[in-house]
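See below for the structure under consideration.
Every number in this text was worked out from the coordinates using simple rules, so none of it is lab data. On a predicted model such as this, the values are computed, not experimentally measured, just so you know. Here Cβ is always computed from backbone atoms with ideal geometry, including for glycine, and neighbour counts include all displayed protein chains.
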Amino acid sequence: MHRLLIKNAKALVGTFPQGKQVMSGADMARLPMIEDGWLQAEDGRITAMGPMSAFAGIDDWSDLTVIDATGRYVLPGWCDPHTHTVFAAPREEEFVNRIKGLSYQEIAARGGGIINSAMKLRAMSEDALFAQAKGRLDEMMRRGTVAVEIKSGYGLTVESELKMLRVAKRLKEALPLQVKTTLLAAHALPPEFKDDRNGYVDMICDTLLPQVAAERLADFVDVFCETNYFTVAEMERVLAAGRKHGLPGKLHVNQFTSIGGIQAAIAHHAISVDHLEVLADADFEALRIAHSQRSVASDGIEVIPTLLPSCSFFLRIPYAPARRLIDSGLPVALASDHNPGSTPSGNLNLVLSLACIQLRMLPEEAITALTLNAASAMRLGSELGGLTVGKRASLIITKEAPSLAYLPYAFGTDHIDTVLIDGKPVRSGAALQ
Ligand code: NIG
Ligand code: FE
């Protein structure tokens with residue numbers, strides 16, 4: 001049995017109570033902490049913690065790793081509940097075209113965008129896709145990510161969507177971090193179906209989804225519900241088919257326009273509504289009502305608004321109104337949206353800074369949104385997202401830092417010293433020496 005003892009931590013941050021799945025509204029800023037703390041883990045799970053003043057000491061020193069975290073914060077590892085990390089190639093040419101003045105939508109209309117990525121992915125082997133995505137996830141783990149959701153959506157044929165999800169499954173088996181997967185075949189209408197929208201949605205619902213469910217290749221379904229992409233009615237068809245196979249929705253809604261996707265997502269018991277850069281009053285109201293009725297949600301956990309500020313940063317589009325969501329009593333989660341078109345970064349430390357700087361979230365709110373709420377936005381809230389007895393010992397140990405707010409404040413600096421996943425280092429810094 002391998003055991004781990006972290007002692008003298010400047011603070012254990014995010015010591016959420018057992019059973020707590022989501023923090024909402026004003027509670028998001030009440031980030032529980034133990035100052036001058038110790039934490040113990042056995043076989044990859046957190047077993048005990050407390051303040052040093054109450055540390056009873058250790059009798060059995062066999063097979064024990066001791067970390068002196070003097071001056072350092074210990075945090076739950078970041079959870080990333082929205083990514084498109086399996087892709088074939090970057091899209092720097094679109095980046096340069098946007099600098100010259102084209103918009104994301106104009107580039108897509110010229111055959112760039114998601115379709116461009118799909119053509120490249122269809123031509124790439126499973127092994128090559130795996131090797132590339134593994135490299136990206138290795139870097140994300142070093143930056144503190146301990147769980148990730150990965151979407152399909154660059155195949156847009158039965159065969160290539162399945163290929164993406166099989167790559168994601170291999171990543172899950174090969175890497176120590178937790179991986180959840182989402183079928184996002186309704187990401188863009190592929191050219192083969194340009195005159196047959198219904199035919200494409202039929203193919204997703206009648207052919208792809210049953211196969212994905214039978215092979216257990218996905219946990220959730222997603223639809224890019226947006227003007228010029230998929231309509232609310234089309235999203236509802238995919239959501240209904242997903243539910244039939246036990247796959248709840250995690251949805252791209254309200255990125256550029258407000259067309260009623262949130263209301264439909266709630267009606268279909270979606271677990272998260274993601275993006276939300278453009279929210280009308282009616283959208284806030286729908287979210288507020290869903291929150292007040294959360295006890296009747298399918299699994300008792302409410303729909304979680306999931307915000308992606310590094311996408312807004314990169315595309316120069318509006319930032320989601322996090323302040324109004326939280327001040328209305330709602331929960332908020334954060335994610336990277338890592339993908340080649342709108343967010344070529346999976347660095348959640350940057351998301352932490354952007355959440356504070358651009359979304360005006362307090363450091364405590366942003367940390368809650370990247371840990372407990374992010375874990376629950378991919379249904380991992382019982383396993384991850386807090387320094388809580390029984391949860392996985394998947395944690396970040398920072399470099400020495402003067403305060404917790406210093407982490408988002410000194411943006412662009414690498415504040416992470418050590419990252420542990422299930423008690424084992426995926427990055428070893430000075431704290432482990
Ligand atoms: O979440 N908005 C839709 N999907 C991605 C971008 C996909 C792409 O441009 O390749 C997003 O931003
Ligand atoms: Fe996305």
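Quick notes on this structure:
- Shape summary of the stretch 126-193, radius of gyration then Dmax from alpha carbon positions: 12.6, 41 Å.
- The phi torsions of the stretch 259-275, fed into the Karplus equation with coefficients 6.51, -1.76 and 1.60 and a -60° offset, translate into couplings of 10, x, x, 5, 4, 5, 4, 5, 4, 9, 6, 4, 8, 8, 10, 10, 5 Hz, rounded to whole numbers, with Gly and Pro shown as x.
- Estimated inter-spin distance, residue 173 and residue 45, nm [label 7 Å along Cα→Cβ]: 2.6
- Its relative contact order, with pairs defined as Cα atoms under 8 Å and 6+ residues apart, puts the chain at 22 percent.
- With a simple spin-label model that places each label point 7 Å from the Cα along the Cα-to-Cβ direction, the separation between residue 405 and residue 106 comes to 4.1 nm.
- Couplings 3J(HN,Hα) of the stretch 384-401, computed from phi: 9, x, x, 8, 9, 4, x, 7, 4, 7, 10, 9, 10, 10, 7, 5, 4, 9 Hz, in residue order, whole Hz [Karplus 6.51 cos²θ - 1.76 cosθ + 1.60, θ = phi - 60°; x for Gly and Pro].
- Lys, Arg +1 and Asp, Glu -1 on Cβ, resulting dipole of the stretch 79-376 about Cα centre, debye, nearest 20: 480
- Our note on the geometry: Cα centres of the stretch 366-414 and the stretch 417-433, 15 Å apart.
- For the stretch 1-100, the spread of Cα positions along the three principal axes, ordered from largest to smallest, is 64, 37, 28 Å.
- With the simple spin-label model, which puts each label point 7 Å out from Cα in the Cβ direction, the residue 357 to residue 232 separation comes to 3.6 nm.
- Taking 208, 420, 64 as the candidate residues, the one with maximal mean-square fluctuation in a Gaussian network model of the chain, Cα springs under 10 Å, is 64.
- Between the stretch 237-310 and the stretch 88-151, the alpha-carbon center distance in angstrom: 25
- Mean projection of the Cα convex hull over all viewing directions, computed for the stretch 67-168: 9.0 nm².
- Charge dipole of the chain about the Cα centre (unit charges at C-beta), most positive-ward option of 225, 70, 346: 70
- In the stretch 30-136, chymotrypsin sites (Phe, Trp or Tyr not before Pro) in a DSSP loop with at most 14 other beta-carbon atoms within 10 Å: 61
- Computed from backbone phi with θ = phi - 60° and the Karplus coefficients 6.51, -1.76 and 1.60, the 3J(HN,Hα) list for the stretch 106-123 is 5, 5, 5, 5, 8, x, x, x, 4, 5, 4, 5, 5, 4, 6, 5, 4, 7 Hz; x is used for glycine and proline.
- Binned Cα-Cα distance frequencies in the stretch 79-376 - 5 Å width, integer %: 1, 6, 13, 17, 20, 19, 14, 7, 2, 0
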